[in-house]
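Shown next, in structure tokens, is the structure this report addresses.
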Amino acid sequence: MLLQNKDKPIPIDLSGDRSYRLVFSPIRDLPNQMREAGLRPGKCLVITDTNVAGHYRNVVVASLQEDGWDPFVLALPPGEETKSPKHLQAIYDAALNWNIDRKTPVLALGGGVIGDLAGYAASTLLRGLPFVQVPTSLIAQVDSSIGGKTGINHSEGKNLIGSFYQPKLVLIDTKLLYTLPRREWTSGLAEAIKHALIADETFFAWLEAEMIAILARDPRVVQDLVYRAAAIKAQVVSNDEFEQKSRALLNFGHTFGHALEKALGYGVLTHGEAVAVGMKAAIFMSRRFNRKLDQSRALALVHAIPTPEIPSMLGVVDVRRAMSSDKKKVLERLNFVLLKRIGDAYVTDDVTLSDVDNAIAFSLGRP
Ligand code: NAD
Ligand code: ZN
């Protein structure tokens, strides 16, 4: 499945004036693409983290300045803990001290942490500033930069404070992915595999066939991987922007995964690793209700993602308890995304406590 048009922009079609495009371009092309998206040079608030700044701050600043922009870069500490009220406040302070106006774009240059945080800041500063995403991690290029979910974490759970706020532009440069640490690369594969599992068996088969090249970040497959996985996300979001129905399928593996992230303390597992473990639980539970699911085939691909040993002191009940404050619970019942088959998912709340415990025990490798 080599793609012919993998440089073609992918549209996100939404109502009103909120449609935008995922543009596959080198980062140097950013100012051009910002113009295409209707933005005109002036101040630009660039939010990034110190890792990403080390690699890409200069090229972004130089490109923007060449086109007449006046960029101000705020480089925050890397890591999930940055998706917090404290760092949101740091963005507000920087923006307001610098006298931004309602046309000043907020540009997120980074992974999902920076995208979620900067997007939420953009949605609330002066009741909404133009927002641009330049995703730099695999998770961000195939998932978090697409679809307008923004937010920060709370001690009660992940992403509990946030908004739907669409960017004006998402610029994806897959060359940026080669500086990503190996662990972040393999973590990001979790969301790509998730997209295949819930929506696209052909893509799943391609991932199976190319997994060795993908793990090695072979340039022959990287652009196809990102393009295909991003296109699935774009389609889901275009069909259901506000998660009234099918968008919920993107939470596959996340009810378990978020609980695990929370129970272990943020930052112990990467988000992608937690989702990988969560998908094992979700696949196990799916098989309990759907005998047509090829469980070993689904699990084999998820197993390709290396995950650290989960400390044995973390019990099944600890993970289950951490689930109950997940914001996706509706009327005290938790929703689970399950697979009918590979490429076909649905949402249910019709599961028992012991189904949940068995699935968690399986995913943690506990008898
Ligand atoms: P991240 O932003 O922490 O990035 C991972 C690490 O990689 C960081 O240390 C970062 O500094 C580094 N990094 C990023 N790009 C790099 C590059 N090109 N070169 C070198 N280092 C680089 O985390 P993530 O995995 O990108 O995203 C996870 C977050 O995304 C979670 O908070 C999750 O909840 C969120 N998320 C949101 C959505 C959504 O729809 N909004 C979807 C999926 C995930
Ligand atoms: Zn996720």
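Annotation: amide H-H contacts under 5 Å for Leu169 (H modelled 1.01 Å from N, sequence separation of 5 or more, or interchain): Gln133.
A DSSP coil position with no more than 13 other Cβ atoms inside 10 Å describes the following chymotrypsin sites (Phe, Trp or Tyr not before Pro) in the range 176-260: Phe242. Overall, the range 110-213 carries a charge dipole of about 440 debye about its Cα centre when +1 sits on the Cβ of Lys and Arg and -1 on the Cβ of Asp and Glu, all other atoms neutral.
Measuring against 22 Å, Cα to Cα, the residue pairs Lys158/Lys233; Lys158/Lys292; Lys6/Lys43; Lys6/Lys175 contain Lys158/Lys292; Lys6/Lys43 as the ones spanning a longer distance. Comparing Ala359, Gly162, Ala234 along the charge dipole axis of the chain, the residue lying farthest to the positive side is Ala359, per the Cβ-charge model. Which residues does the label zone of Arg183 cover in the range 49-86, counting backbone N under 14 Å from a point 7 Å along Cα→Cβ? It comes to 78-81, nothing else. About its Cα centre, the chain has a charge dipole of approximately 320 debye under the convention of +1 per Lys or Arg Cβ and -1 per Asp or Glu Cβ, with nothing else charged. Can you work out the PRE-style zone for Asp349? Point 7 Å along Cα to Cβ, and I want the residues of the range 248-264 with backbone N under 12 Å. Of the residues in the range 248-264, none has backbone N under 12 Å from the label point off Asp349. Loop-located chymotrypsin sites (Phe, Trp or Tyr not before Pro) in the range 267-366 (DSSP state not H, G, I, E or B) with no more than 14 neighbouring Cβ atoms inside 10 Å do not occur. The calculated pair-distance distribution of the range 212-329 uses every alpha carbon pair, bins of 5 angstrom beginning at 0, and gives 2, 10, 15, 19, 21, 19, 10, 4, 1 percent.
For the chain, the equivalent ellipsoid derived from the Cα gyration tensor has semi-axes of 33, 22, 18 Å, listed largest first. When the Cα gyration tensor is reduced to axis lengths a ≥ b ≥ c, the ratio a/c is 1.5 or higher for the range 174-274, and with a/b not above b/c it is classed as oblate. Mean separation of Cα pairs under 8 Å and 6 or more residues apart, divided by the residue count, gives the range 1-99 a relative contact order of 22 percent. From the Cα gyration tensor of the range 31-97, with a ≥ b ≥ c the square roots of its eigenvalues, which class applies: rounded if a/c is under 1.5, or else prolate if a/b is larger than b/c, or else oblate? Note, shape of the range 31-97 comes out prolate. Here the calculated FRET efficiency for Thr50 and His303, from their Cβ-Cβ distance with R0 = 30 Å, stands at 0.35, rounded to the nearest 0.05. The length gained on full extension between Arg321 and Asn335, counted as 0.36 nm times the residue separation minus their Cα-Cα distance, comes to 3.6 nm.
Of the residues Ile305, Ala322, Pro78, the one whose Cα sits farthest towards the positive end of the charge dipole of the chain is Ala322 (charges of +1 on Lys and Arg Cβ, -1 on Asp and Glu Cβ, taken about the Cα centre). Residues in the chain average 42 Å² of solvent-accessible surface per residue, probe 1.4 Å, ligands and nucleic acids excluded.
The values are calculated or read from the model by the stated rules, or taken from the named source; none is laboratory data. These numbers were taken from a predicted model, which means no experiment stands behind them. Here the Cβ is made from the backbone with ideal geometry for all residues, glycine too, and neighbour counts use every protein chain on show. Side chains are part of the model used for accessible areas, which takes the heavy atoms of the whole protein and leaves out ligands, DNA and RNA. Shrake-Rupley method; radii C 1.70, N 1.55, O 1.52, S 1.80 Å.
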